[in-house]
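Written below as structure tokens is the structure these notes are about.
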């Protein structure tokens, strides 16, 4: 059968019209933190990879107080969903500094949180956790709240329906995304929900194992926990960052970059998780906190812990 030019043209126009009329699916509308399975899974039943001192980034190998080589933005692009920082007061504002702003000044908490907010705005299907260390006991309302307010993170912050919230009562990621409350904020010291209801006292909700270890075998014990909930009802974080002694001095340790590929391997992370699991009802960790998140295969380890 020979088709005429007119019939071919008519068919082509009809086909293009059908293509143009077809609905375009919304970007990542069925995904939560990159996976459809997470949409119906509780926040308390997911393992997230975290960046220890996520602001302390530098490519300078002589910057001994750094914990990450890649920028905050690159950490988020790679899949980091827990960001840890440490606050110190400088010139009347909270700066993110490692032990001392004289050693490493990562800039103001406000500027840092603005970067996090930009990521959340550009990625409306993502849930992020922020853990702030408050070694100088800065007031949560007078010192910390202004940074969260100026950045806009306060508008996205999750407020639990009860305090503290047991692990098995957390909403699903899909529910958090639907309500727009996609930033969970913890603080290790001086959090007061009567002053700021979304900055949560970390250890009432989350227990941690030991930190700053120099033992590559990562023995596990419950090191920090408070509140009425049992360890099994807490979320929990494993500090899986290895340190090394400077010149063999016990008092001076720095993050061990040379061992990072092995430390952040699937085997090392999963082995640490398995050691900690019996302390929390044989559950996987909710957070794995790492130095050098671009080293090793931490996201493959998280996939394994999450059952993928």
Filter region 100-110 down to residues that are touching a helix residue (DSSP H, G or I) at 6+ places or on another chain (Cβ under 9 Å) and within 20 Å of residue 65 (Cα to Cα) and give me whichever is modelled with the lowest pLDDT. 106
Here is a list of conditions, (1) surrounded by fewer than 22 Cβ atoms within 10 Å (Cβ to Cβ); (2) over 16 Å from residue 193 (Cα atoms); (3) in contact with a helix residue (DSSP H, G or I) (Cβ under 9 Å, 6 or more places away or on another chain), and residue 160 meets all of them except one; can you say which number that is? (2)
Within region 265-274, can one find any residue that is out of contact with any strand residue (DSSP E or B) (no Cβ under 8 Å at 6 or more places or on another chain), buried (at least 20 other Cβ atoms within 10 Å of the Cβ) and at pLDDT 95 or above? yes
Which numbered condition in (1) under 19 Å from residue 208 (Cβ atoms); (2) in contact (Cβ under 8 Å) with a residue 60 or more places away in the chain; (3) out of contact with any helix residue (DSSP H, G or I) (no Cβ under 6 Å at 6 or more places or on another chain) is the only one that residue 177 fails? (1)
Test for residue 148: is it under 16 Å from the mean Cα position of the chain (by Cα) and outside any loop (DSSP other than H, G, I, E, B): no
Number of positions in region 169-196 that are over 30 Å from residue 95 (Cβ atoms) and either within 19 Å of the chain's Cα centre (by Cα) or at pLDDT below 95 (or both): 7
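Just checking: which of the strands (runs of 3 or more DSSP E) contained wholly in region 180-221 hold 3 or more residues that are touching a residue at least 40 places away in the same chain (Cβ under 8 Å) and touching a helix residue (DSSP H, G or I) at 6+ places or on another chain (Cβ under 8 Å)?
Passing ranges, in order: 183-187.
Please state which one of 127, 94 is under 22 Å from residue 189 (Cα atoms) and in contact with a helix residue (DSSP H, G or I) (Cβ under 7 Å, 6 or more places away or on another chain). Give the derivation first.
Numbers: 127 fails: under 22 Å from residue 189 (Cα atoms).
Selected residue: 94, the only one of 127, 94 that is under 22 Å from residue 189 (Cα atoms) and in contact with a helix residue (DSSP H, G or I) (Cβ under 7 Å, 6 or more places away or on another chain).
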Take the conditions buried (at least 23 other Cβ atoms within 10 Å of the Cβ) and more than 27 Å from residue 180 (Cβ to Cβ) and apply them to residue 97. Does it pass? yes
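The values are calculated or read from the model by the stated rules, or taken from the named source; none is laboratory data. In this text the structure is predicted, and so the values were computed from the model without any measurement. All Cβ positions, even for glycine, are placed from backbone atoms using ideal geometry, and neighbour counts span all protein chains on display.
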